[in-house]
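Here's the structure, in C-alpha cells; my notes come after.
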Amino acid sequence: MGTPDFAVASLKLLLEQGMNIVCVVTQPDKPQGRKKVLTPSPVKTAALEHNLPVLQPVRMRNPEAVAELAAYEPDLIVTAAYGQILPKAVLDLPRLGCVNIHGSLLPQYRGGAPIQRCIINGETVTGITLMYMAEGLDTGDMIARLEVPITDEDTSGTLFEKMSVAGAELLKQELPRLLTGKVDAEPQNDEEATYAPNLTREDEKIDWSKDSRSIYNQIRGLVPFAGGFTLWNGDVFKVWKTLKPQQNDTLPAGAADAAPGTVLEFNKNGIVVRTGDGVLTLTEVQPAGKKALRAADFARGNTMATGTVLS
C-alpha cells in the first residue's frame with residue numbers, strides 16, 4: 001500500500017525478493033497539470049508494469065473497500081506513504097500484521113510530512129523506521145530503524161530519493177523476520193514524540209525577519225514540490241533556490257538599517273535580500289504567471305529595484 005515515488009523502491013524490492021504480491025493499494029488517480037489530466041500514482045504505474053492487481057479506494061475505511069481487500073486474504077500488508085489512515089478492520093486482516101515504512105526516526109516526526117519538516121527544522125540526521133501499525137498516528141511498535149544523513153545541499157526531493165532507497169534496504173533486512181511472525185518490536189516512548197503535520201500554504205510563506213539559515217532551510221524543505229513565496233507588488237513571487245548563507249556574509253554599504261525583506265543589490269549570483277540577521281542571495285525565482293528562472297536573469301529584465309521590500 002503506497003502512493004508516491006517514495007514507495008516504489010519498496011514495491012520493487014518485494015518483487016525482487018520473490019514475494020507473492022496479491023494486490024497493490026494506492027490512492028485514486030488525480031488530475032495533473034493545467035489540463036487536469038487524470039494521472040495514476042507512481043505506485044500504480046509500477047504495479048501495472050508488473051501486471052499486479054491494483055485497488056484504489058477513495059476511502060479505505062469504507063466497508064466495501066475493506067471487503068475487497070479481505071478477499072485477497074493477505075498474510076502481510078506493507079505500507080509506505082499510502083496517504084490514508086487504515087481502520088482496525090484492515091489492521092486485523094493479515095496474520096503477520098501490517099507494517100509501515102515511515103520516513104523519520106520515530107517517535108520523532110510522526111505524521112504526514114516528516115521528510116520536509118526535518119529539512120525545514122535544520123536537522124542533520126533523519127532515517128527510516130519500520131514499525132507495526134496501530135490505530136494511532138504512527139504510534140505502533142518499532143521493528144528497526146536506519147539513520148540517513150541530511151547534507152546542507154539536500155532538498156526534500158533529494159532526501160526523498162535517499163529515504164526511498166533506505167526504506168527498501170531496511171525492508172529487505174527485516175523481511176525474513178517479518179515472515180516468521182516472531183519479531184520483538186520496541187514500544188515507542190510517547191513522551192519523546194514530535195509531530196510533522198502536512199504542509200500548508202502558510203508554511204510556504206517566507207518571513208524575512210527570521211535568520212538567513214532558517215529561510216534557507218525552509219526553501220530547501222519545500223523544493224521541488226512548492227517552493228517558498230513572498231509578495232512583490234502584491235503578487236506572489238516564488239523562491240526556488242538561494243545560496244547557502246555564510247557567517248562572513250556582509251551587508252552592502254548603508255544597508256545595516258534596512259528592514260527585513262529589502263532588496264539590497266543585484267549581482268552575478270542573483271538578488272541579495274535583507275534578513276533578520278544578515279542577507280540571503282536568491283538564485284532561482286518565479287514571478288507570478290511566469291516560469292522559474294535564474295534570479296540574475298530575472299534582475300536584468302524586470303523592474304524590481306534596490307530598496308524594494310518583499311513582504
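A quick yes/no check of all residues on (1) surrounded by fewer than 18 Cβ atoms within 10 Å (Cβ to Cβ); (2) more than 26 Å from ASN121 (Cβ to Cβ); (3) of a type in the set (Phe, Trp, Tyr):
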position: GLY181; (1), (2), (3): yes, yes, no
position: GLU186; (1), (2), (3): yes, no, no
position: ALA193; (1), (2), (3): yes, no, no
position: PHE225; (1), (2), (3): yes, no, yes
position: VAL236; (1), (2), (3): yes, no, no
position: LYS241; (1), (2), (3): no, no, no
position: GLU265; (1), (2), (3): yes, yes, no
Residue satisfying all of: in region 243-276; among the acidic types (Asp, Glu) and in a loop (DSSP other than H, G, I, E, B); farthest from ARG220 (Cα to Cα) among these: ASP257
When you go through (1) in contact (Cβ under 8 Å) with a residue 12 or more places away in the chain; (2) on the phi > 0 side of the Ramachandran plot; (3) not basic (Lys, Arg) one by one for LEU11, which number turns out not to apply? (2)
Looking at GLY136, GLY140, GLY127, can you tell me which residue is in contact with a Phe, Trp or Tyr (Cβ under 7 Å, 6 or more places away or on another chain), closer than 17 Å to ARG110 by Cα and either aliphatic (A, V, I, L, M) or without any contact (Cβ under 8 Å) to a residue 60 or more places away in the chain (or both)? GLY140
Please enumerate the residues belonging to region 35-59 that are at pLDDT below 95 and either part of a loop (DSSP other than H, G, I, E, B) or not assigned by TED's automatic domain parsing to the domain that holds LYS12 (or both). LYS35, LYS36
Of the numbered conditions (1) under 16 Å from the mean Cα position of the chain (by Cα); (2) over 30 Å from ILE215 (Cβ atoms); (3) buried (at least 21 other Cβ atoms within 10 Å of the Cβ), LEU69 fails exactly one; give the number of that condition. (1)
Between a first residue in region 209-235 that is farther than 15 Å from VAL285 by Cα and a second residue that is among the hydroxyl-bearing types (Ser, Thr, Tyr), which pairs have beta carbons less than 8 Å apart while being 6 or more apart in sequence or on different chains? SER209/THR275; LYS210/THR275; ASP211/THR275; SER212/THR275; GLY221/THR155; GLY221/SER156
Those residues of region 243-263 which are closer than 25 Å to GLU153 by Cα, surrounded by fewer than 15 Cβ atoms within 10 Å (Cβ to Cβ) and more than 28 Å from the chain's Cα centre (by Cα) amount to GLN247, ASN248, THR250
Top-ranked residue of region 163-179 - restricted to ones that are within 22 Å of the chain's Cα centre (by Cα) and surrounded by fewer than 19 Cβ atoms within 10 Å (Cβ to Cβ), ranked as nearest to ILE143 (Cα to Cα): GLU169
Inspect region 115-125 for any residue being more than 21 Å from ILE77 (Cα to Cα), assigned by TED's automatic domain parsing to the domain that holds LYS182 and among the charged types (D, E, K, R) and give the result as yes or no. yes
Quick one: how many residues across region 277-311 are in contact (Cβ under 8 Å) with a residue 24 or more places away in the chain and in a strand (DSSP E or B)? 11
Tell me, which residue of region 5-34 that is part of a loop (DSSP other than H, G, I, E, B) and modelled with pLDDT under 95 is farthest from ALA70 (Cα to Cα)? ARG34
What number of residues in region 18-67 are of a type in the set (S, T, N, Q) and within 18 Å of CYS98 (Cβ to Cβ)? 4
Every residue in region 267-297 that is closer than 16 Å to ASP211 by Cα and surrounded by fewer than 14 Cβ atoms within 10 Å (Cβ to Cβ), please. none
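The values are calculated or read from the model by the stated rules, or taken from the named source; none is laboratory data. Just so we're clear, the structure is a prediction, and the values are computed from it rather than from any experiment. Note that we place each Cβ from the backbone using ideal geometry, even for glycine, and neighbour counts take in every protein chain shown.
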